[in-house]
Amino acid sequence: MRRLAAFTGLFLMLAISAVARADLDIQITRGSNDAIPIAVTSFNANGQQVPQNVSDIITNDLRNSGKFAPLSSSNLIATPAPGDQIDYAAWQNTRASYLVDGRVESTGNGYKIVYELHDVFGNKREISANVTGSEAQLRQSAHYVADQIFEKITGIRGAFRTKIAYVISTGVDPNMSFSLYVADQDGYNPRRVLSSNEPILSPAWSPDGSKLAYVSFEGKRPSIYVQQLATGNRIKLTSFKGINGAPAWSPDGRKLAMSLSKGGSPDIYVMDLGSRQLSQLTHGSSINTEPNYAPDGASLIYTSDQSGQPQIYRYNFGSGQSQRVTFTNRYNAAGHFAPDGSAIFFVTRTSQGFQAAKQDLASGRLTVLSKTRFDEAPTVAPNGTMVVYATEKGGRGILGATSADGRASFEIPVPDGNVQEPSWSPFTK
Amino acid sequence: MADKPQEIRFKAPIICAVILHVIIAVALLVDWPSSHEPPQDNSYVQATLISSQTRTPSPSPENDTAKGEARQAQPQAEEQEQEQEQEQEQEQQQAAAEQQQQEAAEQQQQEQQAAAAQQQQQEQQAAAAAAAAAAAKKEEQQRQQAENARQAREQAAKEAEQKAAADKAAKEKAAQEKAAAEKAQADKAAKEKAAKEKAAAEKAQADKAAKEKAAKEKAAKEKAAADAAARKKRMAAAAASDNSALSSASGSGEKNSSKAAQGAQAANSMMNVIRHAVEQNWNKPDNLPSGIKTTLRVRLIPATGELINVSVSSSSGDSSFDQSAVQAVQRAAPFNELGNAPASVQRQFRSFTLTFNPEDVR
Amino acid sequence: MQFSTYAKTLAAALSVVVIAGCSSGGGTQEGTDGGMSSGQQGTATTGGATGYGNGSGAGNAGAQNEIPSVRTIYFDFDHDTIRPEFESVLNQHAAYLQSHPDAHVVLQGHTDPQGTREYNLGLGERRANSVRQYLAVQGVNGSQVEVVSYGEERPASTGNSQEAYAQDRRVVFDY
């Protein structure tokens, strides 16, 4: 009898533990907000002199994205070369989740970067590849490597080979000069594409990245121009009476939205670039400007002070109606869509000053992205991960940058002068 | 359940232990021919080393097309995709082989336990505790070895962390000095150029920025320290609670109900230990779609808490999200606390699932 | 013109300080910022108005043979309203333009650097338009006057002080 009871009890216990084992599930709802630790080795060139520090370029790209925390070089253990057997256990001690190793080889007329990506805790090689380019392309080659690593780990296309256009001004009225530049996204290789004694503003990239539309006051009146970057050829698109401002490309590149005050006050118009025909979207005596197309082209946002203060509105091409989008602060302007259309980036006025901000469109939640107080013109990378804005530091205009999650912030080096109106290029093929 | 007579209490463990040993010996003999190697806890580590030796990169074709338009020209890239795929395949095969080996080992272990369980069925319930104690004792040696290895690793990791902290401090100091130099220059230029108020305003701003920076750095340092402390504490607490659970499990006179409660408590605390470790090591991607969820199957070596294998059993559809979860488990392992847990708890954590279901997605 | 120049200046300065943002043509109120900047403007205004006041006697003396020497007028933060102390300056220009039908002037509207550039183009245009309207009321032929807004693109000063901003918020007569 006792044995039977014991037997039953044991059987029950085993049954329960078996069930418990089958059902044991641990819920993970929280994670660390820290960036992913990654080790990038020195990319030795076998003693050869290489004109660019490839390792530094890759490291900076990854760090600036906010998604990675590169280990300082002194924390790296013996640096393996591509093809080497990796001592994963040793690398695990550095706590780096990933390891990037590689080397640079001279090819006679250029350089080859051989690189590998390792999943340190997964004990496996994720990428083994190389990229070859001319000496002038070496920085771009390094950015290419960063792009591949970024995409492999995050699943997001890297944007380290994109460009940023911006305007540099110097002096005060009446002795001023203005230059329009195009530079790599990390600020290197700035190239002047236009200079003038009169203001230049609002550069906007065509969706294929081949052209810039901008406003230039040459001739002492504002006009909208479209310039081919490869050739420098350009056309004057509009020179109506009054303001010709804020050009914005439609996603298909066939139309240009703009702000014109030929009707008495600034309103949003759309010009068909083929026929040059204009259609007017907004009316009334308020200031309506800074249009920006939604990625799907079905709507655009713009700034309007119809409520008394500038706020961002959304015009729907289907209904022909506008709806107010921003409500959080009293000054919200210069909106740009996130590439996936889920959020907008703009300037908001807080108790601190004018700051770059992001608003999620579904929830309406506003997040201030910067710590500076003279921010203008936030522009977002084509993969949505980073935002660059013009701001001020030490009495001088600079380009501030922040990861869209606000995790990393840094400055983009620019030529002397006050930098204004940054505009991030689309992906270029 | 009813109290047992005194003599049975004494004899039962001895009988049980003898029979258990016999059965284990038989089971080992029976299983020997079918298994390739005596299973070892670190067999998977060896296998991995082999896999990393197998790859040999071959030079990829060079495609150097330096076109005229240097400005827009992009570097030509030649990915060694095929090679990579082959490699992955090889690795997968090896992983499969490892898996088989591990599964064979596990099976063997399971059979041993099943045999032990059958024996226990004929004996008084106190025998279970004795059997568990015996098994625990058997595993103790293995565990000790693993523990030593783990401590060595942790020591190394700790040293690396300390070094990192020192480097960071040095770097920060350099950055601060640089910032100070820049500020001085900026202030000077401003003085020459602009009114006194402007310079004052800038200084205030710079001071504020410096202050904020200092505060941020301090916070970061504190966080690092806190993280380290938390990990230590977690280990200590788990060890303490598990030790008590362990000692109570070996006391054969305990009542069943309290023992069950003890076991449940130990299992619960083990769950918390694992959850905490995984959460700390999960670099959660941002901008996640709401409702994203992935489930992993985790297999551990019960005696040591070392990770045998982690795989995605129910994908979120976002491979980067899945990968971040897998990495979190890999980074968090080994879960050494499991080695101190009662055998019943160890069994529970031999294989379990982890569901990553972030709560604060937008 | 029943008040002396001095009294008028004082009154103008006082009114600016006291009424702050109440006379907005743009119908906008800027809360704390308006109050803060108008306090600063009280200082700048007094000095400026005294200077312009000297020429105001001549401004009403009928025909003008030379382009008036004062060619810049200033505005309050976020406002396009003509401040009373600048009416005499505008009157001089109105008189000149009426007596010189061939003369042509570009009214350049400027703002301070606060806010976004394209929006500030709109604000600068509002300021220049309010000057144009004033001139039209005085009888100036609309074809003689053109408006170009520069927004914040051509600052008159550097720096971020309220004094600097006050210098930036202006309409310039460019003959």
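The values are calculated or read from the model by the stated rules, or taken from the named source; none is laboratory data. Since the model is a prediction, treat every value here as computed from it, not as a measurement. Using ideal geometry, Cβ is built from the backbone for each residue, glycine included, and neighbour counts are taken over all protein chains shown.
Any idea how many residues of the stretch A:102-114 are facing chain B (nearest Cβ under 8 Å) and not in a strand (DSSP E or B)?
2
Taking the stated definitions as given, is B:P289 part of a loop (DSSP other than H, G, I, E, B) and closer than 22 Å to A:V120 by Cβ?
no
Filter the stretch C:142-162 down to residues that are outside any loop (DSSP other than H, G, I, E, B) and either touching an Asp or Glu at 6+ places or on another chain (Cβ under 8 Å) or closer than 15 Å to C:R127 by Cα (or both), then give me how many there are.
Matching residues across the stretch C:142-162 total 7.
Based on this model, can you work out whether A:I149 counts as β-branched (V, I, T), outside any strand (DSSP E or B), more than 9 Å from every other protein chain (Cβ to nearest Cβ) and crowded, with 22+ Cβ neighbours inside 10 Å?
So A:I149 passes the test.
Taking the stretch A:345-367, which residues are touching a Lys or Arg at 6+ places or on another chain (Cβ under 6 Å), polar (S, T, N, Q) and within 14 Å of chain C (Cβ to nearest Cβ)?
A:Q352 - this is the single residue of the stretch A:345-367 that is touching a Lys or Arg at 6+ places or on another chain (Cβ under 6 Å), polar (S, T, N, Q) and within 14 Å of chain C (Cβ to nearest Cβ).
Exactly one of (1) facing chain A (nearest Cβ under 7 Å); (2) touching a residue at least 40 places away in the same chain (Cβ under 8 Å); (3) farther than 30 Å from A:T94 by Cβ is unmet by B:Q327. Its number?
With respect to (1) facing chain A (nearest Cβ under 7 Å); (2) touching a residue at least 40 places away in the same chain (Cβ under 8 Å); (3) farther than 30 Å from A:T94 by Cβ, B:Q327 is out only on (3).
Is it the case that the stretch C:96-115 has a residue that's closer than 19 Å to A:S286 by Cα and either of a type in the set (A, V, I, L, M, F, W, C) or assigned to a strand (DSSP E or B) (or both)?
yes
Filter the stretch A:297-315 for residues that are within 22 Å of the chain's Cα centre (by Cα) and small (G, A, S); which is nearest to the other protein chains (Cβ to nearest Cβ)?
Among those residues, the one meeting the criterion is A:S299.
Hey, does the stretch A:245-252 have a residue that's closer than 19 Å to A:Q321 by Cα and not aliphatic (A, V, I, L, M)?
Within the stretch A:245-252 (the criterion being closer than 19 Å to A:Q321 by Cα and not aliphatic (A, V, I, L, M)), the answer is yes, since at least one residue qualifies.
Return yes when A:S351 is more than 24 Å from A:P207 (Cβ to Cβ), outside the structural domain of A:Y144 (by TED's automatic domain parsing) and buried (at least 22 other Cβ atoms within 10 Å of the Cβ) and no when it is not.
no
Going through the stretch A:50-109 one residue at a time, which ones are among the hydroxyl-bearing types (S, T, Y) and touching a Leu at 6+ places or on another chain (Cβ under 8 Å)?
A:T94, A:Y98
Specify the residue that is nearest to the other protein chains (Cβ to nearest Cβ); the eligible residues are those in the stretch B:304-314 that are part of a strand (DSSP E or B) and β-branched (V, I, T).
B:V310
Whether any residue in the stretch B:268-277 is in contact (Cβ under 8 Å) with a residue 24 or more places away in the chain, assigned to a helix (DSSP H, G or I), under 13 Å from the mean Cα position of the chain (by Cα) and facing another protein chain (nearest Cβ under 9 Å) is what I want to check.
For the stretch B:268-277, residues in contact (Cβ under 8 Å) with a residue 24 or more places away in the chain, assigned to a helix (DSSP H, G or I), under 13 Å from the mean Cα position of the chain (by Cα) and facing another protein chain (nearest Cβ under 9 Å): present.
Is it true that some residue in the stretch A:155-178 is buried (at least 20 other Cβ atoms within 10 Å of the Cβ), away from chain B (no Cβ under 14 Å), in contact (Cβ under 8 Å) with a residue 40 or more places away in the chain and small (G, A, S)?
Yes, that holds for at least one residue.
Looking only at the stretch A:115-143, which residues are in a helix (DSSP H, G or I), touching a Phe, Trp or Tyr at 6+ places or on another chain (Cβ under 8 Å) and facing chain B (nearest Cβ under 8 Å)?
A:S141
In the stretch B:292-303, what residues are of a type in the set (K, R) and assigned to a strand (DSSP E or B)?
Answer for the stretch B:292-303, where residues must be of a type in the set (K, R) and assigned to a strand (DSSP E or B): B:R297, B:R299.
Among the residues of the stretch A:288-304, which ones are crowded, with 23+ Cβ neighbours inside 10 Å and without any contact (Cβ under 8 Å) to a residue 24 or more places away in the chain?
If the condition is that a residue be crowded, with 23+ Cβ neighbours inside 10 Å and without any contact (Cβ under 8 Å) to a residue 24 or more places away in the chain, then A:S304 is the only one that fits.
A:T379 is checked against (1) farther than 22 Å from A:W249 by Cα; (2) among the polar types (S, T, N, Q); (3) buried (at least 24 other Cβ atoms within 10 Å of the Cβ); (4) touching a residue at least 24 places away in the same chain (Cβ under 8 Å) and fails just one. What number does that condition carry?
The failed condition is (1).
Just need a number here: residues in the stretch A:368-401 that are within 13 Å of chain B (Cβ to nearest Cβ), polar (S, T, N, Q) and in a strand (DSSP E or B).
Residues meeting the conditions: 1.
In the stretch A:159-184, what residues are in a loop (DSSP other than H, G, I, E, B) and modelled with pLDDT of 95 or more?
Scanning the stretch A:159-184 gives A:A159, A:F160, A:R161, A:T162.
Which one of B:G339, B:G317 is more than 7 Å from chain A (Cβ to nearest Cβ), more than 16 Å from A:D25 (Cα to Cα) and not in a helix (DSSP H, G or I)?
When all the criteria are applied, what remains is B:G317.
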